[in-house]
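Working notes for the structure below.
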Amino acid sequence: MTESDHIAKSHPARQGNALGDIVAGLPAPEGTRYPYELVVIEGTMAFVAGQIPKRDGALAFVGPVGQALTGDAAHDAARLCAQQVLAWLNQSAGGLENLGRILRMTCYVAHDDSFHDISAVADGASNYLIRTLGDQGRHARSVIGVRSLPRNAPVLIEVTAALRRPMPL
């Protein structure tokens, strides 16, 4: 079985999972006022810009982990970032039915000196993607601890995804 066959066979829409239910559960994709693209598509590759945990136009979680947030709250913030990633892929990449798989995720965690479990924070996003997308959600990842993130967000997730078919120009 080729990689494409494996992806097609294990895609949520083919496993009986209602792709419409997944899409219905996504938050509205949150935009930016800054001069960059939130999703860039080249051929069958989609590059999703860093997503912070925004909901309803505002940050749902604020401040560094270990100081303003617990690890559990940051885990939830990472999940919200991953939901934003899927919301943007759904809107910009031909819907989630065009998603081949998530290839790579980088998770940045703003934390104070007392917090060291940044991988557990990233698990919030990784587990969400895998539970939601099955094999298409499995990805390589890096987790990077930082002092601060834009708008005092605790977590930022960026993703590279493979698409099933290129998007028209």
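Which one of the conditions (1) among the charged types (D, E, K, R); (2) closer than 19 Å to Arg33 by Cα; (3) assigned to a helix (DSSP H, G or I) does Glu158 fail to meet, given that it meets all the rest?
It is condition (3) that Glu158 fails.
In the list Ala68, Ala110, Ala82, Ala77, which residue meets the criterion of being surrounded by fewer than 17 Cβ atoms within 10 Å (Cβ to Cβ) and of a type in the set (A, V, I, L, M, F, W, C)?
On inspection, the qualifying residue turns out to be Ala68.
Is it the case that Ala58 is surrounded by fewer than 16 Cβ atoms within 10 Å (Cβ to Cβ) and either in contact with a Ser or Thr (Cβ under 6 Å, 6 or more places away or on another chain) or among the aliphatic types (A, V, I, L, M) (or both)?
It is true that Ala58 is surrounded by fewer than 16 Cβ atoms within 10 Å (Cβ to Cβ) and either in contact with a Ser or Thr (Cβ under 6 Å, 6 or more places away or on another chain) or among the aliphatic types (A, V, I, L, M) (or both).
List the residue pairs whose Cβ atoms are under 8 Å apart, where the first residue sits in the stretch 147-165 and is under 19 Å from Asp135 (Cβ atoms) and touching a residue at least 60 places away in the same chain (Cβ under 8 Å), the second is part of a loop (DSSP other than H, G, I, E, B) and hydrophobic (A, V, I, L, M, F, W, C), and the two are 6 or more positions apart or on different chains.
Close Cβ pairs (under 8 Å, with a partner that is part of a loop (DSSP other than H, G, I, E, B) and hydrophobic (A, V, I, L, M, F, W, C)) amount to Ala161/Ala93; Leu163/Ala93.
Would you mind telling me which numbered condition in (1) within 25 Å of Ala28 (Cβ to Cβ); (2) part of a helix (DSSP H, G or I) Ala120 fails?
Evaluating Ala120 over (1) within 25 Å of Ala28 (Cβ to Cβ); (2) part of a helix (DSSP H, G or I) leaves (1) as the failure.
None of the figures in this text is laboratory data; all of them are computed from the coordinates on show. This structure is a prediction, so every number in the text was calculated from the model and none was measured. Glycine gets a Cβ as well: all are built from the backbone with ideal geometry, and neighbour counts include every protein chain shown.
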